[in-house]
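The values are calculated or read from the model by the stated rules, or taken from the named source; none is laboratory data. The model shown is predicted, which means the values in this text are computed figures rather than measured ones. Because the Cβ atoms are built from the backbone with ideal geometry, glycine has one as well, and the counts that use them run over all protein chains shown. Only protein heavy atoms, including side chains, enter the accessible area calculation; ligands, DNA and RNA are left aside. Shrake-Rupley method; radii C 1.70, N 1.55, O 1.52, S 1.80 Å.
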Amino acid sequence: DQDSARRIQALQRMAELRQRHVSAQNGQSKDYDPGSEPDPEPEPVPEPRSRPGDGSWGGVEWLGLGVVSAMGLFSRFYNLAQPNAAVYDETHLGRFVNGYWKGEYFFDVHPPLAKMLFYWIGTALGYGGPSGCSYSDPGSDQAKLMMTDRSETCDMVPLRSVSAGCGALVVVLVYSSCKHLGLSTSAAFCASLMVTFENLFFVMSRIHMNDMVYLCFLAAVVHCTAKVQRLPVGSRICWLTLSGLFLGAALTSRYMLVLPLVGWVGLQNLVYMLTRLGSGVTRAVLTEGILRAALLLLPSAAMYWLLYWLHLQMLPNPGSGSGYMTPEFNQAMAARSAAHPVSMGTLDQIWELTARSRRYHLEMAVVFPPGSHAFDSRWSSWPLMGKGIYWSMVDNGDVQSLEQPYRWGVFLSGNIAIWWTCTAAVALCPFVAGAAMWKARSGLERLATIHTRAELLVWCFLGYCLHLLPFAVLERQAFLHYYLPAYYFAILTTATLLDMLPPSLKFGTMLVLTAVGIGVWWHVLPFSTGSTTFNYHEFLSRAKLMTGECWYLDRCWLTPMLNHD
């Protein structure tokens with residue numbers, strides 16, 4: 001029809017005008033034959049709006065890093081001496097550190113690096129060994145186990161400084177990781193605030209246990225992985241090597257917990273190599289695959305052997321752990337102590353230690369089944385901040401008046417505002433990421449390079465699941481602080497989702513979340529430090545924000561402490 005003919009003619013005229021413009025720019029004559037050249041390259045398709053940034057740093061980013069560093073250091077180190085006696089598992093780690101002091105062999109289910117760091121750094125900061133704190137064994141008495149031993153006051157700062165330093169580093173690492181993963185500065189700052197004012201991270205940073213040391217290594221692995229994603233192939237060797245070293249550090253700090261982290265890093269590298277193999281198997285691709293595997297795995301294996309060898313050298317004398325080992329193992333230790341040649345190789349001893357740790361984990365299912373501890377909890381309750389852990393500083397019957405103030409103790413639980421927000425974000429993540437990736441027709445290549453925030457959500461969600469779901473098959477008691485590694489990925493997920501909001505909603509949402517989170521943290525802060533006195537009613541109002549058990553008084557673990565006579 002005539003309309004169609006006119007549209008075709010108009011399009012032809014536009015094409016001729018465009019060709020003349022291109023010819024004029026190239027200095028070509030007016031009788032240039034357009035058929036003599038190939039068709040011009042198609043214009044590039046604009047990147048999706050949700051594509052992460054390039055991770056560049058300017059004045060604002062460095063200022064933000066300084067602010068979060070100061071927040072992390074102040075919050076973790078302020079009044080670190082309180083309580084001035086060991087709480088809960090500080091007694092276990094303290095006795096292990098004293099074992100290094102005395103050179104007496106002890107057995108622990110976890111590898112030695114975290115304990116060595118507490119010994120080395122604590123000693124450098126003035127820890128005096130058994131004379132400074134004996135860390136008396138509470139035995140099997142549940143009531144005594146969950147109370148601080150007020151008969152023995154110790155200088156807790158040297159050993160707790162290790163956890164505090166690691167906790168401050170985690171605040172910095174989550175900020176830097178978010179930036180290198182391509183999130184905005186505001187999202188990175190929000191993530192660091194969530195870590196700073198989340199009470200679970202806060203308390204675990206102020207007591208000397210292995211958990212925060214391990215989490216610091218996990219955060220370092222995530223940071224190195226983020227750097228690898230942003231660098232060209234030739235510049236990745238350094239950060240891949242650092243990833244392998246930090247994986248080794250995590251492996252030699254906490255038994256079993258490192259396996260999900262190895263799986264997360266391994267899957268990222270596997271997906272990346274599959275995209276490389278899509279263009280054909282070449283020598284360069286095979287070389288890169290072998291190099292990645294070597295840089296990630298060999299440092300870990302070398303660190304595992306080296307640190308266990310050093311561990312055995314530091315404990316030449318018989319001790320409390322000798323009964324866990326075979327006669328051959330103990331004979332080799334005695335020969336080493338007497339400077340005699342050792343027929344049994346160190347490698348065999350390390351293998352026996354590894355096998356014994358694995359058997360002990362299996363035996364714990366019998367010795368410590370679910371429900372055998374007053375404050376153990378199941379993995380399914382952790383996303384809703386179920387049952388925390390209470391370390392009492394008052395004896396049963398001490399509470400004579402509900403109006404009288406007491407130093408009640410330390411309660412290990414979370415910040416309900418931040419915790420439930422992160423759980424909601426994790427629940428939304430599969431739907432948001434799935435819809436965005438389907439719309440963009442996302443494939444392995446985009447997933448391997450974290451092409452958009454949708455792909456970043458996938459990796460954060462996968463990290464969360466890998467660190468939570470293995471506890472579903474754990475057949476022994478477990479505790480809320482085992483949720484820490486999964487929670488770290490939940491915070492990364494939350495920051496990514498917040499960064500995907502429209503600008504009109506993003507900053508207001510972040511501001512509200514931060515303000516409410518800081519308000520809750522401040523309200524329950526006395527519960528997290530054990531250094532403030534308040535009466536029972538003030539105590540209960542804070543307890544209700546930290547555990548659902550105290551929403552109904554007849555179920556609350558506070559009631560046995562009250563003397564109603």
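Can you work out ³J(HN,Hα) from phi for every residue in the range 503-517, in order, using Karplus 6.51 cos²θ - 1.76 cosθ + 1.60 and θ = phi - 60°, giving whole Hz and x for Gly and Pro?
Whole-Hz 3J(HN,Hα) from phi for the range 503-517: x, 5, 10, 4, 5, x, 5, 4, 5, 5, 4, 5, 5, 5, x.
Subtracting the Cα-Cα distance from 0.36 nm times the residue separation, let me have the gained length for Ala472 to Leu267 in nm, one decimal.
71.7 nm
At Ala293 and Leu125, where each label point lies 7 Å from the Cα along Cα→Cβ, what is the point-to-point distance in nanometres?
4.1 nm
Enumerate the residues in the range 456-475 having an amide nitrogen under 16 Å from the point lying 7 Å beyond the Cα of Arg378 toward its Cβ.
469-475
Could you check the spin-label model distance between Ser69 and Ala335? Points 7 Å from the Cα along Cα→Cβ, value in nm.
5.1 nm
For the range 220-326, give the percent of accessible area contributed by carbon and sulfur heavy atoms, probe 1.4 Å, rounded to a whole number.
Carbon and sulfur together cover 75 percent of it.
Could you give the length gained by full extension between Asp348 and Ile237, i.e. 0.36 nm per residue of separation minus their alpha carbon distance, to one decimal place?
Gain in length upon complete extension: 36.7 nm.
Listed here are the pairs Lys506/Lys544; Lys227/Lys439; Lys102/Lys387; Lys227/Lys506; Lys115/Lys387; Lys115/Lys227; which of them are more than 32 Å apart at the Cα?
Lys102/Lys387
Leaving out ligands, DNA and RNA but keeping every protein chain, what accessible area does Asp499 have, in Å² rounded to the nearest 10, with a 1.4 Å probe?
Per-residue accessible area (Asp499): approximately 10 Å².
Sorted by accessible area (1.4 Å probe), largest first, how do Arg378, Arg358, Arg441 line up?
Result of the area sort, largest leading: Arg441, Arg358, Arg378.
Accessible area of the range 59-136 with a 1.4 Å probe: how many percent of it is carbon plus sulfur?
That share works out to 67 percent.
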